[in-house]
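One structure below.
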Amino acid sequence: MRIITLLNKCEKLKSFVYKKDYLQGADLIIEIRARKNSKPICSSCKKPGPTYDHGSVPRKFEFVPLWGMRVFLSYKMRRVNCKRCGVKTEEVPWAKGKNTVTKTYSRFLSHWAKKMSWNEVAETFKTSWHSVYVSVREMVEYGLENRRLDAIVSIGVDEIKFGSGHKYLTLLYQIDKGVKRLLCIEKERTASSLESALEALGDENLKTIKYVCSDMWRPYLKVIREKLPKALNVLDRFHVKKKLNEAVDAVRKAEVKQMKKDGFEPVLDKTKYCFLKNEKNLTKKQKLKLDDVLRLDLKTVKAYLLKNSFEIFWGYKSPRWAKWYMKKWCERANKSSLKPMKGFVKTLTRHEELLMNWFKAKKVYSSGVVEGLNRRVNLVTRKSYGFKNYEILKLALFHTMGSLPEPEMTHRYY
Ligand SMILES: [Zn+2]
């Protein structure tokens, strides 16, 4: 069977023909010609017009590789004498605009870019990082234009550190039971970051939102009140935990310093994660170290035990009893006379109402969802070493977490 026969089976062209195939070095070239009497399409207005001239050098378009060989479609572009736009390069059906990666290959590369890093994709298929980038961009652009944003009921707001220093990004997720996806990304974590994110959803689509899951970041809370006055603002368990962990770590840091000053044995060295990780996630070494330290009469141990007992709070079914427990817990934390823990109590008390909303919304979305999404975001940012650039990181995140719709394909190559 000839390669051209295969191509016609997978990807028949209307006004063009696959003329011949041959090897050029290690690459497989497939030459395309325009059908006789066919009119070129103006790339500007997308209407046919008379041919102005033929290019003398063929343009090569990357196609899906075959048996480890790179494959290129080769075609001498015509120019159209368009009565509306003047002389324009023609538009060809297998590639978008000036891209030299075919639409088919774009789909192929972007599919693999969800499973591997962009560098790995480029290496595996003997193409350039830039071709992978262009492919993902094309797919994300299509997806964002064609996605539906109606019927969103629950959303989550989160922030991630980005780059060096105190730079942040604001992320908006849909966290409904059936659909968990990234909706918007904005720079910084200011009020206007969240405003822009919500505006991007469109006023009409905000009307269906009943639950907003957020942390205690004041600018966010303000915007949620203003933009979604009817929605229930819920403080997420994950974010409260994070704050509590920060308090425990502050106690530990201060104690390490004090012990050093007083000339004590540095028993708390390298224990940071022993106190912060969930006990079941500790390594064997960390577990042993923790068991050792827990026997000592230390402020850090006190803070750690307080942290653990706060877990009970989340288990309550009735908001009334949860409230009772929280009150008791706060009294104990205050008595501990540990400054960071008292600070945490203040934060809790200040946001008590939002915190109690968690129990009202409990059954609507699963509690670990924001945490899970946050972990996936961090995985993408870490995996994508090349993503120091904001626009590229944005593409990568939408690509892997946006659940974006994809264009129809006549044949699947993977
Ligand atoms: Zn035109």
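Under the rule of at least 5 residues apart or a separate chain, name every residue whose amide H is placed under 5 Å from the amide H of residue 52.
Here the answer is 79, 80, 81, since their amide H atoms fall under 5 Å of that of residue 52.
Tell me, what is the per residue accessible area of the range 238-361 in Å², probe radius 1.4 Å?
Working: 7750 Å² over 124 residues.
Solvent-accessible surface per residue comes out at 63 Å².
Run down the lysines and flag those whose C-alpha is under 28 Å from the C-alpha of residue 14, throwing out any fewer than 8 positions away in its chain.
36, 39, 46, 47, 60, 76, 83, 88, 96, 98, 103
Would you please give the residues with an amide H less than 5 Å from that of residue 233, counting only those at least 5 places away or on a separate chain, with H modeled from the backbone geometry?
Here 212 satisfy the definition.
Okay, which of the range 53-77 sit inside 19 Å, backbone N to the point 7 Å along the Cα-Cβ direction of residue 100?
Zone members listed by number: 55-66, 69-77.
Any of 243/299; 339/362; 180/394; 243/323 with alpha carbons more than 29 Å apart? Name them for me.
In this structure, 339/362 lie more than 29 Å apart at Cα.
Could you compute the net charge surrounding residue 135? Neighbours are other residues with a C-beta less than 13 Å from the C-beta of residue 135; K and R count +1, D and E count -1.
Taking every Cβ under 13 Å from that of residue 135, the sum is +1.
Aspartates and glutamates within cross-link reach of residue 20: Cα-Cα under 12 Å, excluding same-chain residues under 8 positions apart?
31
Rank these residues by their accessible area, most exposed first, probe 1.4 Å: 54, 399.
Of 54, 399, the descending order of accessible area is 54, 399.
Taking a ≥ b ≥ c as the square roots of the Cα gyration tensor eigenvalues, with a/c under 1.5 meaning rounded and otherwise prolate when a/b beats b/c, else oblate, which class fits the range 270-333?
Since a/c reaches 1.5 but b/c is at least a/b, the shape of the range 270-333 is classed as oblate.
Using Cβ-Cβ distances only, list the Cys residues of the chain with no partner cysteine under 4.7 Å, sorted by number.
Lacking a cysteine Cβ partner under 4.7 Å: 10, 45, 184, 213, 274, 330.
Comparing 178, 263, 55, which has the greatest mean-square fluctuation in the GNM of the chain with Cα pairs linked when under 10 Å apart?
Per the Cα network of the chain with a 10 Å cutoff, 263 tops the list.
Counting residues in the chain as N, plug N into 2.2 N^0.38 Å and put the Cα Rg over that result.
Ratio of Cα Rg to 2.2 N^0.38 Å: 1.32.
Sort the range 222-282 into rounded, prolate or oblate with this rule: let a ≥ b ≥ c be the square roots of the eigenvalues of the Cα gyration tensor; rounded if a/c is under 1.5, and if a/c is not under 1.5, prolate when a/b is larger than b/c, oblate otherwise. Each step should come with its number before you reach the end.
Working: a/c = 7.10, a/b = 2.51, b/c = 2.83.
The shape class here is oblate.
Heads up, I need the accessible area for residue 375: 1.4 angstrom probe, whole protein in place, Å², nearest 10.
About 140 Å², rounded to the nearest 10.
State the Cα centre-to-centre distance between the range 128-180 and the range 274-292 in whole Å.
34 Å
Per residue, how much accessible area does the range 9-127 have with a 1.4 Å probe, in Å²?
57 Å²
Taking a ≥ b ≥ c as the square roots of the eigenvalues of the Cα gyration tensor of the range 279-396, is the shape rounded (a/c under 1.5), prolate (a/b larger than b/c) or oblate?
Judged from the Cα gyration tensor, the range 279-396 comes out oblate (a/c at least 1.5, b/c at or above a/b).
Roughly how many Å² of residue 7 are accessible to a 1.4 Å probe, to the nearest 10?
Result for residue 7: roughly 10 Å² accessible.
Stretch residue 349-residue 264 to full length: gain in nm at 0.36 nm per residue minus the Cα-Cα span?
Full-extension gain reported as 27.0 nm.
Which lysines, on any chain, are close to residue 222 with Cα under 17 Å apart, when same-chain ones fewer than 8 places away are left out?
Output for residue 222: 210, 230.
How much of the accessible area of the chain, probe 1.4 Å, is carbon plus sulfur, in whole percent?
C and S fraction of accessible area: 53 percent.
The values are calculated or read from the model by the stated rules, or taken from the named source; none is laboratory data. In this text, all values refer to a predicted model and were calculated from it rather than measured experimentally. In this analysis, Cβ positions are derived from the backbone assuming ideal geometry, glycine residues included, and neighbour counts consider all displayed protein chains. Protein only, heavy atoms only, side chains kept; ligands, DNA and RNA dropped before computing areas. Shrake-Rupley method; radii C 1.70, N 1.55, O 1.52, S 1.80 Å.
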